[in-house]
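**Student:** Have a look at this one.
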Amino acid sequence: MQTQDINFQNANIRVEDDRTGLSVEALKRAFLDNLFYIQGKFPAIATRNDYYMALAYTVRDRLFRRWINTAEVYTTQGSRTVCYFSAEFLMGPHLGNNLINLGIFDQVKQAMQELGLDLDELMEQEEEPGLGNGGLGRLAACYLDSMATLEIASIGYGIRYEFGIFDQDIRDGWQVESTDKWLSYGNPWEISRPEWEVQVKFGGYTEAFTNERGQYRVRWVPDKVVRGVPHDTPILGYQVNTCNTLRLWSSEAIESFDFTAFNAGDYSGAVYKKMESENISKVLYPNDNMTQGKILRLEQQFFFVSCSLQDMIRILERQNISLDRFHEKFVVQLNDTHPSIAIAELMRLLMDEHGMEWDQAWNITSKTFAYTNHTLLPEALERWPIGLFGKLLPRHLEIIYEINSRFLDEVRLKYPDDIARINRMSLIDESGERYVRMANLACVGSFAINGVAALHTELMKKDVLHDFYELYPDKFNNKTNGVTPRRFMVLSNPRLCRLITSKIGHTWVKHLDELHQLEAYVDDPEFRAEFRQIKQAIKQDLAQYIKANYGLEVDPASMFDIQAKRIHEYKRQHLNALHIITLYNRIKANPDIDITPRTFLFGGKAAPGYFLAKLIIKFINSIGDVVNRDPDVRGRLKVLFLKDYSVKFAQRVYPAADLSEQISTAGKEASGTGNMKFAMNGALTIGTLDGANVEILEEVGAENFFLFGMTAEEVYAKRAAGYNPMEYYESDPELKLVLDRVASGFFSHGDVNLFKPLIDNLLYSDPYFLLADYRSYVDCQDRVSLAYRNQDHWTRMSILNTARMGKFSSDRSIQDYCDDIWKVHPIKIELRDYVQGGCGFDGSTDCKVVF
Ligand code: 26Q
C-alpha cells in the first residue's frame, strides 16, 4: 500500500492508502466502488440518492482512521472527558460539513464534476437529522463541532429519535404537520453498536433489605425493562485529527416477542410490549420553551440519561479505573434541565448497583454535573407531578426526597425560620398539586450553573434562580452562546469566505477574532463593491429559489428583511407583521409615497398545540396574500412565509439577509443564536436589548445596529405599574389603523372572527408588550429604510458587522467552558496506521478502544 505526505491546508496530515486517498482520482475510484459494492448500482441505473449514499460512504471511509485513533488515544491516556447530555442535537446535514472539516471540499467537487455530477445537488439530497426544536438543539451541535476542533475529549449523549421535528407544510395559510421520516433511506453517518447496549428499568416498586455485610440497601424491582442501543456518529474537528463521537440511544424491546402470550393466542398482547419499548425513542416532542407534563417525555429523558451513565461506568471499568474517580474522569454538562434526572440516577447507580454509601456517592455526583439554563420563561421551567414521577421512577423519587431533606437542612441552617424561602427552594413544589422541580434539582446537584448570555445570567441571578444564587454565588457564571463559523460561514457562504480569505488569509476560520482585520478594508471602495456584489448575487439566488418554489417574484434589489426562528409570542413575529401593515397602510393612503422596497421573509415552526403561534403563521400568510397582489403596492413590498425551516434551509437564508429581525420582548430571549448567524454574514440587526443582542451591539457599535424598544427593567416596571395596552391603541392613530384594519376582516376576506383572538390578546392583555414597543419599532424601521438608501454606507455597516463578530464563534464559548467549568485541555491526536501494523491485523494486541 502506498502512503504519502501532502500539505493538507497547512496542517501536515499523512494521507491514507489507495482506499481512502484524498486525491481527485482516489475519490472518484472510491466513489464508484461504493456505488457498486454498497448501493449495488452502476451509473446507468443509479438514482440521485444512490449517488448521494455512495459519496457519503466515501467520505465516511475517510473519517474512520481518525475516529478509531481518537478513541484509542482517549482510552490509553485515560483522558478527562466532557459528556454533553442533551435531549436534542440539531445537527443539520453532515456531508458538506465533513467535506469542510476534512479539507476536501474542492477535490470532491471536482471529482463529482468529472463524473458528470453536481456536488451541490448531492448535498441537497441529504435528509437532515432534525433531532431538535431550535436554539438549544442547534447549540449542542455547534458545541460538538467546536469541542472536536479544539481537540477536547468529548462525547455527545442523546436520543436517536426515529422521527425528528415534524415537516411543515403551509395549506391555505395554515401550518400542517407531517411525520419526519429521516431514516427511511438509511443513515450512512451512523454505526450502531449493539455490543454496547444497556438495560433501563421503569416503574415497579422498591424494597429495602440488609445485605450480607449487614448494610442497609435498597433494591428497585421494575415492571418494565428496555434495551438501549447506541448509534455512533463521528464528529470531526476542523483541520485536526480529532474525531469525537455523538452517541444516540434508541430503545428496543428486551425480547422481540412475548412467547408466553403468543402461545396463549394473544398475538396483540405479544407485540404490545415490544411496541411500548420502542415508543420511547420514537418521536421528538415538538415543543420549545413550553413544557408539557407527558409521561413519555419523562421516560425519554430518563432513558437516555440512564443509558449514558451506564455507558460511562462501562468505559471506566474497562479501563480498570475505580468508580471513586468518576468525577475526575468525566464532567457532565446538562443542556437545560431535560437530562437533570441524571443527578438522581448517578446516585442510584453508585449506591444501589455499585455498593457505595450516600456520602461518597454524593461527593462524586455533586462534582460531576454542571447545568446550563436556557430560559427565563416561567412556563418553560420543567416540573413533574409527584404521582406520575413516583410511578415511573420510584427509587429516584426516594433519592430526591433524601437529597431534598439534606439540602433543606442546609438552607434552614443559613436562613432559620425563613419558611417562604424554604418553600421556594425545596425540590418539591407543595403549593398545590405536588411537583418535582427539575431546575432546583439541577442547582443543588451541580457544581456550576450558567446562563447563555450576559443579560440572561444577570436576570437568572436576580429572578428565576435568585435564592440559589444567594446560597451558592460561586456556582453561577455566564457563558455567552456562540455558533460554528464552519457551518454558518465556510459551508453556507463560500463566496463571502473567499473574499475574506483573499484579504486576511484563512486562519480566521479557527480564530474568528481575526475577522477584525477586515476593518482595514472598510474604506477601500473596491472591497466594498465586491462585498456588496456578493450579497447581491446571493440574494439573486434566493430570489430564484423563491420564484421556482413559490411562484413569487421578489426583487433582489429590495431590502431582504428576514425573521427566521421558532414561532412564539415572545419572539413577536406579529410585531413584525404590524410593521408590514403599517407600510401597506401608508401606501394605500398615498400610493405615490416614496418607500424603500422590502421583501419580508419569515421562516419557523410553531408547536402543534400552540394555537396563537399557528394563528400568527396564518396572519403572516394572509397579509402576504393581500400585499403581494395589490396593484397599488407596485411590487414595492413582498411578504412570504418560507415553509419547513430547517438547518439546511437556514444555511441558504442567513447569507441572503440585509436586515435581521431580533425583536423579542426584553428579558425573554435567553440568548438567541440566529442573531449571531445573520450578523456574521453581514446582515444588520434591528433588535431589542435582549439576550445576546446586548453583546452584539456592544461588539459592532451602536452606529451599526438598529436598537429599539423598552429595556428589561422598563418592561418589569411597566408590568408592575399595571400595563394597559389600550392606551397605546387609542393614542397612536397609525397603530389604531393597523389593528382596526385587521379587526375589520380586511386580511381575512371579511371574516372578522379569524384574527380576533390575536387582536383581543393585544388589546386586552398583550403579555409581550407589542403595543408598548410598536412606535419605537416603527420609527426605528423608518431609520432602517432611510439607511438602506445609501447603499455604500449600508455596505460599510454590513462589513463592520462581519468584522466584529469574532466573539460569537462557538470556539470562544467552548474555550470558556473548558477554562472555567470543565477544567480540560486539548489532547493532540497523532495519526497512526491501523491496517499496516498493530491492532491485531498482524497478530499484535497493543490497541485498546473502549469508547
Ligand atoms: C421540555 C419538557 C418537555 C417537552 C419539551 C421541553 C423543551 C424542549 C425544548 C423545552 C425547551 C426546549 C428548547 C429551548 C430552547 O431552544 N431555548 C433556546 O436556547 C437557545 C440556546 O441557548 C437560546 O439561544 C434561546 O434564547 C432559547 O430560547
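**Student:** Can you check what the net charge comes to around residue 392, using other residues whose Cβ is under 12 Å from the Cβ of residue 392 (Lys, Arg +1; Asp, Glu -1)?
**Tutor:** Working: positive: 201, 224, 294, 297, 391, 395; negative: 223, 299.
Residues close to residue 392 contribute a combined charge of +4.
**Student:** A further question on this structure: Quick one: grab the alpha carbon gyration tensor of region 558-789, order the square roots of its eigenvalues as a ≥ b ≥ c, and give me rounded if a/c is under 1.5, else prolate or oblate depending on whether a/b is larger than b/c.
**Tutor:** Since a/c stays below 1.5, the shape of region 558-789 is classed as rounded.
**Student:** Here is a follow-up. Within straight cross-link reach of residue 273, meaning Cα distance under 29 Å, which lysines are found once same-chain residues fewer than 8 apart are removed?
**Tutor:** 181, 201, 224, 282, 294, 391
**Student:** Here's a follow-up. With an 8 Å cut-off on Cα pairs and a minimum separation of 6 or more residues, tell me the relative contact order of the chain in percent. Present the calculation step by step, with values, prior to reporting the outcome.
**Tutor:** Numbers: 1533 pairs, mean separation 116.9, N = 851.
Worked out over the chain, it gives 14 percent.
**Student:** Residues with beta-carbon under 15 Å from that of residue 150, excluding residue 150: net charge, scoring Lys, Arg +1 and Asp, Glu -1? If you can, show how the numbers build up before the last one.
**Tutor:** Details: positive: 80, 479, 486, 510, 812, 823, 828; negative: 145, 151, 513, 811, 816, 819, 820.
Net charge around residue 150: 0.
**Student:** What is the sum of charges, Lys and Arg at +1 and Asp and Glu at -1, for the other residues whose Cβ falls under 15 Å from the Cβ of residue 802? Mind showing how you got there, number by number?
**Tutor:** Details: positive: 495, 498, 503, 528, 532, 535, 677, 796, 804, 807; negative: 513, 514, 519, 524, 530, 658, 699.
Value of the local net charge: +3.
**Student:** Charges on Cβ only, +1 for Lys and Arg, -1 for Asp and Glu, centred on the Cα centroid of region 558-789; of 752, 696, 724, which one is farthest towards the dipole's positive end?
**Tutor:** Farthest towards the positive pole: 752.
**Student:** Follow-up. Using only the Cα atoms of the chain, build the gyration tensor, take square roots of its eigenvalues as a ≥ b ≥ c, and label the shape rounded, prolate or oblate: rounded if a/c is under 1.5, else prolate if a/b is larger than b/c, else oblate.
**Tutor:** On the way: a/c = 1.66, a/b = 1.18, b/c = 1.40.
Oblate shape, in that a/c is at least 1.5 and b/c is the bigger or equal ratio.
**Student:** Mind checking which aspartates and glutamates have their Cα closer than 20 Å to the Cα of residue 718? Skip sequence neighbours fewer than 8 apart in that chain.
**Tutor:** Cross-link targets: 458, 463, 569, 669, 690, 727, 730, 732, 760, 766, 773.
**Student:** Would any residue of region 465-479 have its amide N under 12 Å from a label point 7 Å out along Cα→Cβ of residue 418? List them or say none.
**Tutor:** Output list for this probe position: 466-473.
**Student:** To the nearest 20 Debye, how big is the dipole of the chain about its Cα centre, given +1 on the beta carbon of each Lys and Arg and -1 on that of each Asp and Glu?
**Tutor:** About 340 debye.
**Student:** Could you work out the helix-only [θ] at 222 nm for the chain, with each DSSP H run of four or more residues adding -39,500 (n - 2.57) and the total divided by the number of residues, to the nearest 500 deg cm²/dmol?
**Tutor:** Details: 32 runs with 373 residues, N = 851.
It comes out at -13500 deg cm²/dmol, rounded to the nearest 500.
**Student:** Here's another thing I want to ask about it. Would you list the membrane-span-like helices of the chain, meaning whole DSSP H runs whose alpha-carbon atoms span at least 27 Å along their axis and whose mean Kyte-Doolittle value is at least -1.0?
**Tutor:** Details: long enough: 48-77 (43 Å, -0.73); 295-318 (34 Å, 0.40); 394-414 (30 Å, -0.47); 525-550 (36 Å, -0.88); 770-789 (28 Å, -0.35).
The answer, listed by residue number, is 48-77, 295-318, 394-414, 525-550, 770-789.
Since every read-out is calculated from the coordinates, none of them should be taken as a lab result. Everything numeric here is computed off the predicted structure, so don't read it as measured data. Quick reminder, even Gly has a Cβ in these numbers, built from the backbone with ideal geometry, and neighbours come from all protein chains shown.
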